[in-house]
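Working notes, beginning with the structure itself.
Computed from the coordinates by the stated procedures, all read-outs in this text should not be read as laboratory data. Every value quoted in this text rests on a predicted model; they were computed, and no experiment measured them. Neighbour counts are summed over all protein chains in view; Cβ atoms, including those assigned to glycine, are modelled from backbone coordinates with ideal geometry.
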Amino acid sequence: MPDREYDLDIDDESYGVITSVNRATENLPFISYCAGHYFARSKYYTVNRVLEGYLLIYTLSGRGLLTVGSREYTLMPGDMLLINCDDTPHRYQCDGKRWELLFVRFYGKGCKGYFDIICGADPTAVVPMRHPEETVFQFEKIIERSVDSDYLASTEICLALATLLTNMAASGKSTEKSSAAVRNLTSAVNIYINKNYQRRITIDDIGKEVHMSPYHLTRIFKKHTGYSLYEYVNFFRINRAAELLLNTDKRVQEISGAVGFMSVDSFIRCFKKHKSTSPGKFRRNP
């Protein structure tokens with residue numbers, strides 16, 4: 001399996017540059033590999049399994065989708081993505097007909113400290129930026145100066161990256177209050193699912209419980225957890241089913257109904273999707 005694969009389905013107006021690096025720049029805290037401005041079309045995607053360095057993506061318009069393991073992150077206009085490509089296999093793609101994005105891949109001695117501040121223990125962070133014009137200006141500076149190989153250009157790129165990361169950290173801090181509200185929301189959703197997973201649950205039901213419209217609830221929940229509500233309910237049910245398979249003698253059909261599935265077939269399909277094996281095989285070889 002290749003370390004990297006992609007479909008570069010982009011408009012002709014898209015452009016990217018590979019940064020010229022020399023020995024004099026090796027000790028700078030931030031060093032750019034490449035940068036660009038893409039107008040991605042519907043088939044555009046990139047899969048990185050092993051790739052050195054860090055990646056910043058800023059969404060200008062349209063919508064992107066990042067997948068890390070089983071989690072998904074929607075990249076909306078104004079959102080900045082930071083991911084450590086060394087440690088985190090991932091896929092990003094156009095989520096719709098068009099996605100306009102700015103990007104820069106970089107490395108350096110200063111990266112880990114900023115990454116830890118912005119992402120904490122998470123493998124990635126998606127942050128709504130407070131100052132879009134400043135963000136675009138710094139990306140454009142990186143792209144413009146990447147064609148030059150002199151030390152001054154490398155220094156300006158380094159300063160632009162430092163500015164982007166500092167602003168991203170500050171924007172993340174400004175959303176801490178809203179993050180607390182989101183944590184309360186997800187906690188309320190969890191409590192409701194825990195009490196009701198054995199019966200049919202709809203998004204309307206959950207929305208009424210947390211006093212939020214289904215549309216806004218769905219959007220906020222997926223943005224902050226990486227799961228749609230439908231996926232999360234099934235994820236919860238499958239974990240409960242796995243416990244019953246290991247700790248009881250109940251038949252698969254009984255367990256299917258006990259965790260809220262309407263049919264055994266849909267339960268088995270969902271179980272295989274989440275556990276990569278059938279319920280019977282899971283019971284024999286957990």
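Summary of values
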| item | result |
| --- | --- |
| Nitroxide proxy distance, nm - points 7 Å out along Cα→Cβ at Leu159 and Tyr6 | 2.9 nm |
| Kirkwood Rh (inverse of mean 1/r, distinct Cα pairs), the chain, angstrom | 21.1 Å |
| Lysines with Cα under 28 Å of Lys109, excluding same-chain neighbours fewer than 8 positions away | Lys141, Lys173 |
| Using alpha-carbon coordinates, inclination of helix 176-196 to the longest axis of the chain, degrees | 20 degrees |
| Kirkwood Rh in Å, taken over all unlike Cα pairs in the stretch 60-153 | 14.8 Å |
| Zone residues, the stretch 48-72, relative to Arg91, backbone N less than 19 Å from point 7 Å out along Cα-to-Cβ | 48-51, 63-72 |
| Net charge, Gly260 excluded, C-beta distance under 15 Å - Lys, Arg +1, Asp, Glu -1 | +2 |
| Longest site-free stretch - the chain; sites: trypsin sites (Lys or Arg not before Pro), DSSP loop, at most 16 other Cβ within 10 Å | 131-198 |
| Gaussian network model of the chain, Cα within-10 Å springs - most flexible of Phe137, Phe103, Phe39 | Phe137 |
| Of Gln198, Gln93, Gln138, the one that fluctuates the most in a GNM where the chain has Cα springs shorter than 10 Å | Gln198 |
| Global size of the stretch 178-284 as Cα Rg and Dmax, reported in angstrom | 14.8, 45 |
| For the stretch 100-167: rounded, prolate or oblate by the Cα gyration tensor [a/c cutoff 1.5] | oblate |
| Fluctuation leader among Ile143, Ile255, Ile157 - the chain, Gaussian network, Cα springs under 10 angstrom | Ile255 |
